[in-house]
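The values are calculated or read from the model by the stated rules, or taken from the named source; none is laboratory data. Just so you know, these numbers come straight off a predicted model, no measurement behind them. Methodologically, a virtual Cβ is constructed for each residue, glycine included, from the backbone with ideal geometry; neighbour enumeration extends over all protein chains shown.
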Amino acid sequence: MAFGILEPKNVSNPLDVLGTAALEETQTTESDVFSKHAPGRPDLILVPTPSDDPLDPLNWSRFRKEAAYAVLLLGTCLAGTCGPLVAPAFVEMSQQLGRPLSQIATGLNGSLVFAIGVGSCIFAPIQTKWGTRPSFLIASVVAFVSQIWAGASGTNFPSLCAARVLQGLAMGCWFNGAPSAIAAITFVHERGFRIALWNLGLVGGINLGPVISAQICQRQGWHFAFWWQSLAAGLVLLGTIFLVPEMEYDRSYYYAELERRREMLTTGSGSPSEEKYAPEQKEVVLGKVVTAPQDIERATPSRWTQYRFSTGSKTDVSFLTLFLRPFYYFISPTIIWASLTFSVCFNLLPLAATVYAQVFGAPPYNLTVGGIGLVGGIPPLIGTLIGTFATGPLSDMSAKYLSKRNNGIYEPEFRLLPMILFLVFGGMGFYGWGLQQSSSWIVPAIFIAILHIGVSAATISCISYVTDSLRDGAADGLGLVVFIKSSIGFGITFIINDWYAARGPRQFFVSLGSLVVTTSGLAIPAWIFGKKARHWFSQHNLLA
């Protein structure tokens, strides 16, 4: 039992548990012969083990990785800005369109939030079946077209709602597909900070978007917010076409061969064929003749084939089966915890953004649309920056430190430590916001920044935990998490504005603070029973 994490029964090798991996090399063993290590770090094992194919995304050049990663961040940031894009102008839109405020919020934000969940379930099987590139290309085209559609809708409310649904479908790809794509080009020891930056792009877009769009809505009209957004969507589309190659890569052939050779070393059952390999390709390990991993041969296509619309089907499983597969993860305790946590921590952002106009547009603040956008954007952005650059390095450093203390064995539960920040800062932010009685907008702005520190920590912790726990199933698992989050968020949009109006700011924000505290407590059983839950899920694999 490592740090209170319970071990599953009847498991002879801890590395046989889904998600558990050897990260820090503490002693030389026969099973370490074929491990690969980080450059300049002979004690740090690369997880997952890269193949020797230069087209393997784990082996890409630094520039190629960073270029693709930059487009993923830009696309995610754009997806984040899309949600609250016209939220600062909801009151004005209610008057222009002749609709109640609650109907504006439900039609424009609620429909979009629900579509995000549906989109995540659509793009997850596309990514599994045909790869990451076609899914991001389709999402980029849909985002570009739907922004133009929304800008040209005029005062046609149903048309505007339909455009928002398409925007939500495209956003589902970036919410669900980007983390698994990031995992495809990064190793476990560097993944936490990368996921943190992805979260910064997403939450930063949610926070910074209203700041910019509020000024556009006030000076040019809310229609122009969509026109400017379409320009940004066009840039993301171009970046995806030229800088985001296919990231799905099948290493099963490589791992199968390595496993065969490990078995040979362990059992002494033989050695690789003397005729198959040249003398210089052989090496003696522990008295047995084996072949170095780089000698495993496989025909590979040229580099430019990765920039086709699709490099072909990745699996023989039907699309319908893949579409239904994320719902199988309902039986995974990891996904159950992640769905509850992500639904709470992430829905807190649009929840707060939805009532900004009611809070700061009324006495004692009486802010303009532009002022509401600034207060609803700058403090959250500051909090998100602090949360990201604190949680990202903390997640990676704690994972490496605890792995070293655990005889070099990494457990995904090590990613749950930042949930402490969610408890402290998330609870403090909402309780403070609800209980403060200042007539100055500065005081609630400070608490808004504080709560976003906690929300960022929880989001990073949740996504990293799911990605490392499910490995190849991360896209499906995250698809279900996003779907549940979006479904809950959609339901909340029907009551959120009326709830705030009926209960007032004190009871409203104190209730959200209590929800944060309760959700944070769920990380304790996830830490204790997480490894047993992962093993149970892998042993009851109905998809096998």
Among the residues of region 155-184 satisfying the criterion of being β-branched (V, I, T) and modelled with pLDDT of 90 or more, which is surrounded by the fewest Cβ atoms within 10 Å (Cβ to Cβ)? V165
Residues A196, A214: which one is in a helix (DSSP H, G or I), aliphatic (A, V, I, L, M) and closer than 30 Å to D56 by Cα? A196
Checked I116, I138, I126, I122 against criteria (modelled with pLDDT of 90 or more, under 20 Å from the mean Cα position of the chain (by Cα), within 13 Å of G75 (Cβ to Cβ) and not acidic (D, E)); the one match is I138
Can you tell me which of (1) outside any helix (DSSP H, G or I); (2) of a type outside the set (A, V, I, L, M); (3) buried (at least 24 other Cβ atoms within 10 Å of the Cβ) is the one F422 doesn't meet? (1)
Within region 54-63, identify whether any single residue is out of contact with any Pro (no Cβ under 7 Å at 6 or more places or on another chain) and either modelled with pLDDT under 80 or farther than 29 Å from L197 by Cβ (or both), and answer yes or no. no
Applying the selection to region 126-141, what residues are buried (at least 19 other Cβ atoms within 10 Å of the Cβ) and in a helix (DSSP H, G or I)? I126, Q127, T128, K129, W130, T132, R133, S135, F136, I138, A139, S140
For the structure I just gave you, tell me whether S51 is of a type outside the set (F, W, Y) and either assigned to a loop (DSSP other than H, G, I, E, B) or at pLDDT below 90 (or both). yes
Can you pull out every residue in region 217-251 that is closer than 30 Å to P48 by Cβ and either modelled with pLDDT under 90 or not in a helix (DSSP H, G or I) (or both)? V244, P245, E246, M247, E248, Y249, D250, R251
Region 483-495, residues that are at pLDDT below 85, of a type outside the set (F, W, Y), in contact with a helix residue (DSSP H, G or I) (Cβ under 8 Å, 6 or more places away or on another chain) and part of a helix (DSSP H, G or I): S486, G489, I492
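Table: residues versus (1) surrounded by fewer than 23 Cβ atoms within 10 Å (Cβ to Cβ); (2) charged (D, E, K, R); (3) within 22 Å of the chain's Cα centre (by Cα); (4) more than 17 Å from T20 (Cα to Cα).
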site	(1), (2), (3), (4)
I448	no, no, no, yes
I453	no, no, yes, yes
D468	no, yes, yes, no
D476	no, yes, yes, yes
V482	no, no, yes, yes
I496	no, no, no, yes
V516	no, no, yes, yes
W536	yes, no, no, no
Mind counting the residues in region 142-154 that are touching a Leu at 6+ places or on another chain (Cβ under 8 Å), surrounded by fewer than 22 Cβ atoms within 10 Å (Cβ to Cβ) and modelled with pLDDT under 95? 1
Checking I386 against (1) more than 23 Å from S461 (Cα to Cα); (2) surrounded by fewer than 19 Cβ atoms within 10 Å (Cβ to Cβ); (3) modelled with pLDDT of 80 or more, only one condition comes out false. Which one? (1)
In region 74-88, the residues that are farther than 15 Å from L137 by Cα, assigned to a helix (DSSP H, G or I) and modelled with pLDDT of 85 or more: C77, G80, T81, C82
Taking region 89-109 as the region of interest, how many residues are touching a residue at least 40 places away in the same chain (Cβ under 8 Å), over 21 Å from the mean Cα position of the chain (by Cα) and in a helix (DSSP H, G or I)? 13
On the basis of being buried (at least 17 other Cβ atoms within 10 Å of the Cβ) and either more than 28 Å from S252 (Cβ to Cβ) or not aliphatic (A, V, I, L, M) (or both), does L85 make the cut? yes
The one condition F389 fails out of (1) over 17 Å from A449 (Cα atoms); (2) of a type in the set (F, W, Y); (3) assigned to a helix (DSSP H, G or I) is (1)
Return a yes/no flag: does region 292-302 have any residue that is in a helix (DSSP H, G or I), modelled with pLDDT under 80, among the basic types (K, R) and over 30 Å from F422 (Cα atoms). no
